[in-house]
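Okay, so here's the structure we're looking at.
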Amino acid sequence: MTSLTPPETLLEQAYRAILNAICEGSLAAGARLTQEGIAERLSVSRQPVAQALALLKSQGFVKETGRRGLVVSHLDPVFFKAIYELRSAIDPMAARLAAGRMHEKAKHEGKAIIKEGYRALRSGELHALVQADARFHTYVYELSGNPLVAEVMSLYWNHLRRAMGEVLQTKGEGKIVWGEHEEIFDALVTGNAEQAGRMAEAHVRSAVGRVLSVVEARAKASNE
């Protein structure tokens, strides 16, 4: 017998819906959020919406602004720089660990993700591009075998989703990103832990410049 997956609670559904709207840009930075308005849009009561907003506030996605109430937080270059400092330590470690745990099922899964990434690149569809990028890194984190890696990084990847869409749509950038992903995956398949770690470290160094340029441009625009 297989275990049953419990259905999502209204709180979980409300949280995911609001988070996705923020990360994908349909709720833009600075947008005012009211419990009544969101509850009406989601066809739920105010209680799960209030709980979801409180959780999103604790995670930095929304903030209190006095008389205006809750608004979607603007992208903060200092915070994003901190995320990449964390990634510069975690991603190479995760890649090295993952290289020692590669098995046939993981190889097939990784190949499917790489194909998904290039397919999204050809389509140019924003949601697919961002989802494939997050899926590749989650794959490496989970393959590392360290449960804390995936748990810690899951929150920060939601913040990164807010900037990655613009980066991946920039001409030529998506091809570079997926070329680097493929190099990391090839090192994982061969079991070369040191090579996988070096490729992951280089990928983070390459990504930080791309993402911070987007974040800093948005921060500048919000202050004008």
| query | Out of curiosity, is A29 not in a loop (DSSP other than H, G, I, E, B) and not assigned by TED's automatic domain parsing to the domain that holds M164? | reply | no
When A106 is run through (1) at pLDDT below 95; (2) touching a Leu at 6+ places or on another chain (Cβ under 6 Å), the failure sits at (1)
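Yes/no per residue for (1) more than 17 Å from L121 (Cα to Cα); (2) in contact with a Ser or Thr (Cβ under 7 Å, 6 or more places away or on another chain); (3) buried (at least 17 other Cβ atoms within 10 Å of the Cβ); (4) modelled with pLDDT under 95:
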| site | (1), (2), (3), (4) |
| --- | --- |
| Q169 | no, no, no, yes |
| G174 | no, no, yes, yes |
| D186 | yes, no, no, no |
| V189 | yes, no, no, no |
| Q195 | yes, no, yes, no |
| M199 | yes, no, yes, no |
| G209 | yes, no, no, yes |
| S213 | yes, no, no, yes |
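Per-residue answers, yes or no, for (1) loosely packed, with under 15 Cβ neighbours inside 10 Å; (2) assigned to a loop (DSSP other than H, G, I, E, B); (3) modelled with pLDDT of 95 or more:
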site	(1), (2), (3)
T2	yes, yes, no
A21	no, no, no
L53	no, no, yes
K57	no, no, yes
Condition set part of a loop (DSSP other than H, G, I, E, B) and out of contact with any Pro (no Cβ under 8 Å at 6 or more places or on another chain), scope the stretch 6-19, selection modelled with the lowest pLDDT: answer is P6
Within the stretch 151-201, the count of residues that are over 11 Å from A98 (Cβ atoms) and among the hydrophobic types (A, V, I, L, M, F, W, C) comes to 13
Just one listed residue, out of H127, H137, H181, H159, is closer than 25 Å to L75 by Cα and at pLDDT 95 or above, and it is H137
(1) under 18 Å from the mean Cα position of the chain (by Cα); (2) hydrophobic (A, V, I, L, M, F, W, C); (3) at pLDDT 90 or above all hold for A29 apart from (3)
Is it the case that some residue within the stretch 148-163 is β-branched (V, I, T) and either surrounded by 16 or more Cβ atoms within 10 Å (Cβ to Cβ) or more than 14 Å from D91 (Cβ to Cβ) (or both)?
yes
Considering only helices (runs of 4 or more DSSP H) wholly within the stretch 85-199, the ones with at least 2 residues that are touching a residue at least 24 places away in the same chain (Cβ under 8 Å) and farther than 27 Å from A219 by Cβ are 104-123, 126-143, 173-190
Exactly one of R122, R41, R68 is out of contact with any Leu (no Cβ under 9 Å at 6 or more places or on another chain), among the basic types (K, R) and within 26 Å of E12 (Cβ to Cβ), and that one is R41
Counting only residues that are more than 16 Å from Y15 (Cβ to Cβ) and either exposed (fewer than 13 other Cβ atoms within 10 Å of the Cβ) or not aliphatic (A, V, I, L, M) (or both), the stretch 71-83 contains a total of 8
- Query: of a type in the set (V, I, T), outside the structural domain of A52 (by TED's automatic domain parsing) and in contact with a helix residue (DSSP H, G or I) (Cβ under 6 Å, 6 or more places away or on another chain): does that describe V177?
  - Reply: no
Here the qualifying pairs (Cβ atoms under 9 Å; residues six or more apart or on different chains; first in the stretch 200-224 and in contact (Cβ under 8 Å) with a residue 40 or more places away in the chain; second of a type in the set (D, E, K, R) and assigned to a loop (DSSP other than H, G, I, E, B)) come out as V215/D76; A219/D76
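The values are calculated or read from the model by the stated rules, or taken from the named source; none is laboratory data. As the structure is a prediction and not an experimental result, all values here were calculated from the model. FYI the Cβ positions are ideal-geometry reconstructions off the backbone, even for glycines, and counts take in every protein chain you see.
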